[in-house]
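Asks: I am attaching a structure below and will ask some questions about it afterwards.
The values are calculated or read from the model by the stated rules, or taken from the named source; none is laboratory data. Worth saying up front: this structure is predicted, and the values here are computed from it rather than measured. Glycine gets a Cβ as well: all are built from the backbone with ideal geometry, and neighbour counts include every protein chain shown. For accessibility, only protein heavy atoms count, side chains too; no ligands or nucleic acids. Shrake-Rupley method; radii C 1.70, N 1.55, O 1.52, S 1.80 Å.
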Amino acid sequence: MTEEFTQALCALIRRLGQEAKQLRDNGLTIEQKGRQDFVSQADVYVETELRAWLKAERPQDGLLGEERGLEPGSDGVWVIDPIDGTTNFILGMDYWCISVAYVRDDAIKLGVIYAPDRNEFFFAESGKGAFLNDKRLTLTEPDADAVVLGIGRSSRTTAREYTQTIETLFEHGVEHRRFGAGALMLAHVAAGQVHGYFEAHLHSWDALAGLVIIKEAGGMHNDFLANNGLTKGNNAWAATPQVWQRLQPVLLPNG
């Protein structure tokens, strides 16, 4: 993947993030997909624009997006969440982002996460490091008694499973935060704002960009792509190496 291509992709994502903000400021059309599950015209617009550009630039690749599903290709797959944290976005909160990842040969090759309201642009390419606004990210380990994890609540698992996760963290002396945008919380692991992130089930468009950003910053994550994780989703667990090794047996005891 050429530097010229990645620069153009990043420029497009930045532009679309600003246009999504403008659409919100002008008044959104919003549809409800399910309980506490919304889609706005900004979600549809951003995904449509990204798909059209990627299809023109890399016609051999497939496309997988939250709003329009899978369009197979003959090479890699671009995985798109046009707005992760749509509820936050609709309510005017700043905790939302655009997330784009590229998967090829069962590996995450590239990840971009852009949070326009926070002026945070994360980028990672496999083997080349992770960056926040062009500053290289390198994880450091927290003190054992000062660990804070981000967590997510999935409607595809039970409320009891979610509360059990919180109980488990308390039992192990770990604090938690939940902000309603899994992709951005994963990026914030790489930035050191939390020390790990766990969600019992996450879609690939929410997870993949953040996972490669964490890995390139020096962190660890579970094999999200196993068991058809690309199309079916999977549990997501990523953290600094010491935190990951300490909590992996209790958060993912079966591997």
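Asks: Among D105, D81, D94, which one shows the highest mean-square fluctuation when the chain is modelled as a Gaussian network with alpha-carbon springs under 10 Å?
Replies: Of the options given, D105 has the highest mean-square fluctuation.
Asks: Also, I was wondering about something else. How do 14-20, 226-232 rank on mean C-beta neighbours within 10 Å, highest first?
Replies: Top to bottom by mean Cβ count within 10 Å: 14-20, 226-232.
Asks: Which three lengths, in whole Å and largest first, does the chain cover when its Cα atoms are put on their principal axes?
Replies: Cα spread of the chain along its principal axes, largest to smallest: 49, 39, 34 Å.
Asks: Rank C10, C97 by accessible area, highest first, at a 1.4 Å probe radius?
Replies: Ranked list, largest accessible area first: C10, C97.
Asks: Would you be so kind as to identify which of L186, F5, Q164 lies farthest towards the positive end of the dipole of the chain, taking Lys and Arg as +1 and Asp and Glu as -1 on Cβ and the Cα centre as origin?
Replies: It is Q164, whose Cα lies furthest towards the positive end.
Asks: Treating cross-link reach as a plain straight distance, find the lysines whose alpha-carbon is under 23 Å from the alpha-carbon of K21, omitting any fewer than eight places away in the same chain.
Replies: Of all the lysines, those that pass the test against K21 - Cα under 23 Å, at least 8 places apart if same chain - are K33.
Asks: Given the options L211, L137, L184, which has the most mean-square fluctuation in a GNM of the chain, springs set between C-alpha atoms less than 10 angstrom apart?
Replies: Judging by the Gaussian network model, the answer is L137.
Asks: Could you work out, for region 3-136, what percent of all Cα-Cα pairs fall into each 10 Å distance bin, beginning at 0 Å and stopping at the bin that holds the largest distance?
Replies: Using 10 Å bins, I get a P(r) of 12, 44, 33, 10, 0 for region 3-136.
Asks: Just to confirm the number: angle between the C-alpha axis of helix 159-171 and the first principal axis of the chain, 0 to 90 degrees, nearest 10?
Replies: 50 degrees
Asks: Which angle from 0 to 90°, rounded to the nearest 10, does the C-alpha axis of helix 241-251 make with the longest principal axis of the chain?
Replies: On a 0 to 90 degree scale, this one is about 80.
Asks: Something else now. I want to check the label-to-label distance for K55 and A146. Put each point 7 Å from Cα in the C-beta direction and report it in nm to one decimal.
Replies: Here the answer is 5.0 nm between the modelled labels.
Asks: What is region 82-170's relative contact order, in percent, from Cα pairs under 8 angstrom and six or more apart in sequence?
Replies: 14 percent
Asks: If you roll a 1.4 Å probe over the chain with all protein chains in place, what percent of the accessible area is carbon or sulfur?
Replies: On the chain, the fraction of accessible area on carbon and sulfur atoms equals 46 percent.
Asks: Another question, if that's okay. Against the longest alpha carbon principal axis of the chain, how many degrees, from 0 to 90 and to the nearest 10, is the axis of helix 204-216 turned?
Replies: 70 degrees
Asks: What residue among V77, V212, V112 shows peak mean-square fluctuation when the chain is described by a Gaussian network model with Cα springs under 10 Å?
Replies: Answer for the Gaussian network model of the chain: V77.
Asks: L252 versus Q22, label points 7 Å from Cα toward the beta carbon: distance in nm?
Replies: Using points 7 Å along Cα→Cβ, the separation is 4.1 nm.
Asks: Which pairs in the list K109/K135; K55/K215; K55/K109; K109/K232; K135/K215 are over 25 Å apart, alpha-carbon to alpha-carbon?
Replies: From K109/K135; K55/K215; K55/K109; K109/K232; K135/K215, over 25 Å: K55/K215.
Asks: Next up: If you count only protein heavy atoms and use a 1.4 Å probe, how large is the accessible surface of R68, to the nearest 10 Å²?
Replies: In the full protein context, R68 sits at about 140 Å².
Asks: Here is a follow-up. Quick one: putting +1 on the C-beta of Lys and Arg, -1 on the C-beta of Asp and Glu, what dipole do you get for region 3-136 around its Cα centre, in Debye to the nearest 20?
Replies: It comes to approximately 200 debye.
Asks: So, one more: Ranked by accessible surface with a 1.4 Å probe, highest first, in what order do R136, R58, R104 come?
Replies: Order by accessible area, largest first: R136, R104, R58.
Asks: Please compute the length gained on full extension between D75 and T168, using 0.36 nm multiplied by the number of residues separating them and subtracting their Cα-Cα distance.
Replies: Gain in length upon complete extension: 29.4 nm.
Asks: For region 148-251, report the accessible area per residue in Å² (1.4 Å probe, heavy atoms, rounded to an integer).
Replies: Result: 39 Å² per residue.
Asks: Can you give me the Cα centroid spacing of region 103-169 and region 185-255 in angstrom?
Replies: 7 Å
Asks: Quickly work out the Q245-to-D105 label distance, labels modelled 7 Å from Cα along the C-beta direction, and quote it in nm with one decimal.
Replies: If labels sit at D105 and Q245, their model points lie 2.8 nm apart.
Asks: Just the Cα atoms of region 159-220, one point each, no solvent: what log10 I(q)/I(0) does Debye give at q = 0.13, 0.15, 0.22, 0.28 Å⁻¹?
Replies: Scattering profile of region 159-220, log10 relative to I(0): -0.35, -0.47, -0.95, -1.22.
Asks: Size of the dipole of the chain about the Cα centre, Lys and Arg at +1 and Asp and Glu at -1 on the beta carbon, nothing else charged, in debye to 20?
Replies: Using only the charged Cβ atoms, the result is roughly 140 debye.
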